[in-house]
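Working notes, beginning with the structure itself.
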Amino acid sequence: MTNQTWMVTGTSSGFGKELALQLAQKTGIQLIATARKESDLDYLDQYDHGQIKKILVDVAKSKEIQRAVQEALAFTEQVDVLVNNAGLGYFSTIEESNMATVRYMFEVNVFGLAEMTKALLPQFRQHRSGTIVNISSALALTTLPTMGFYSATKYAVEGYSDTLRKELAPLGIHVLTVEPSGARTNWAGSSSQKELPQITDYANFQQMVETMDEGVTKSPGNPKLIAKAIIEAVENPDTPDHLPLGNFAYKGSLENLRGLTREIEHYKDISLSTDD
Ligand SMILES: NC(=O)c1ccc[n+]([C@@H]2O[C@H](COP(=O)([O-])OP(=O)(O)OC[C@H]3O[C@@H](n4cnc5c(N)ncnc54)[C@H](OP(=O)(O)O)[C@@H]3O)[C@@H](O)[C@H]2O)c1
């Protein structure tokens, strides 16, 4: 694939940084790398021969998104691939979650992604081509206690993306959701807040919240391989709609779907009883 421009959010660390590193070293690729702090993108300087544009944007701020997209379209005629990667986590039982923290996570994981996409959609439609990659999570295909509101943000990303795909497919624009399993990034550490259970009824989840950071840090998910798989999926002429990555995402999603299918079949008579 030649002369493609990729724009990736959240390239200061983790998947976004790995994507930026790999894209910066590929021929025929222009890269627009976004982050919140300029110095977080210094690592790109050694690969820059004019094909890289750094843009500062906090995806929780609408004005910054508008400005970032203007800057991007001043740098390139066309953004071919938008990767909505910026995101954060929150570990808490649902009852004990702080709603301000939950709302902020929705701002970043859902509304930031949606606003960035909305701002770039006119140019995608104009060119009748392109791919929008939304980084979702294995936790949008299955769920775990203490990650409920995080899952809720990523399930929202899935519903949004599945609909967007149907609206954009006739225009030649593809939407890919990526559902990575736990991977060794800053996500469970500096990019997540945690509330240890205080209610005795939830005491059995204490250890889960306490060790989440360590567990994810030691997980088999390799951000380099995840970035490579995302690039390959986008470059594949047969780009998938969904890309579950890692064993947990693969097995967890199939188990969840099989369970859901069994349940729907089991209660089929009730389901079909409500149409007259
Ligand atoms: N690692 C996993 O286990 C895992 C699994 C499934 C899905 N994911 C998803 O993968 C995506 C990337 O996360 P990661 O694992 O690579 O974690 P990470 O290393 O913590 O990277 C998260 C990125 O998001 C950026 N970000 C956070 N809030 C932002 C905001 N308001 N505006 C702009 N950028 C913001 C961070 O920037 P700063 O450095 O400025 O904070 C950072 O660049 C997220 O959407 C996450 O939910 C992660």
Per residue accessible area of region 52-180, 1.4 Å probe, in Å²: 39
Among T200, L272, T217 - extreme Cα towards positive end, dipole of the chain, charges at beta-carbon: T217
R125 accessible area, 1.4 Å probe, all protein chains in place, Å² to nearest 10: 110
Zero-based 5 Å bins, Cα pair distances in the chain, whole percents: 1, 6, 12, 16, 18, 17, 12, 8, 5, 3, 2, 1, 0, 0
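Indicate the gyration tensor shape class of region 85-150 (rounded, prolate or oblate), computed on the Cα atoms with a ≥ b ≥ c the square roots of the eigenvalues: a/c under 1.5 is rounded; otherwise a/b larger than b/c is prolate and the rest oblate. Can you show the working numbers first?
Numbers: a/c = 4.48, a/b = 2.19, b/c = 2.05.
Taking the square roots of the gyration eigenvalues as a ≥ b ≥ c, region 85-150 is prolate.
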Principal-axis tilt of helix 148-168 within the chain, Cα atoms, nearest 10 degrees: 50
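Can you quote the Å³ per residue value for the convex hull of the Cα atoms in region 140-234, rounded to an integer?
Values: hull volume 10.4 nm³, N = 95.
For region 140-234, the hull spanned by Cα atoms encloses 109 Å³ per residue.
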For region 35-174: rounded, prolate or oblate by the Cα gyration tensor [a/c cutoff 1.5]: oblate
Accessible area (Å², 1.4 Å probe, nearest 10) - Y267: 110
Helix 223-235 vs. the chain, principal-axis angle (Cα, 0 to 90°, nearest 10): 70
Principal-axis tilt of helix 113-127 within the chain, Cα atoms, nearest 10 degrees: 50
Estimated FRET transfer efficiency (N98, K224; beta-carbon r; R0 35 Å; 0.05): 0.55
Sulfur and carbon atoms: percent of accessible area, region 4-269 [1.4 Å]: 51
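In this model, which of K154/K194; K17/K63; K63/K154 are farther than 22 Å apart at the alpha-carbon?
Numbers: K154/K194 18 Å; K17/K63 24 Å; K63/K154 24 Å.
As for pairs spanning more than 22 Å Cα to Cα, those are K17/K63; K63/K154.
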Peptides ranked, highest mean first, by Cβ atoms within 10 Å: ranges 221-233, 13-25: 13-25, 221-233
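Which sequence of W6, W187 reflects their accessible areas, 1.4 Å probe, from the largest down? The partial results should precede the final answer.
Details: W6 0, W187 50 Å².
Correct descending sequence by accessible area is W187, W6.
The values are calculated or read from the model by the stated rules, or taken from the named source; none is laboratory data. Please read these numbers as outputs of a predicted model, since none were measured by experiment. Every residue, glycine as well, gets a Cβ built from its backbone with ideal geometry; the counts of neighbours run over all protein chains shown. The area values use the complete protein model at the heavy-atom level, side chains included, leaving out ligands, DNA and RNA. Shrake-Rupley method; radii C 1.70, N 1.55, O 1.52, S 1.80 Å.
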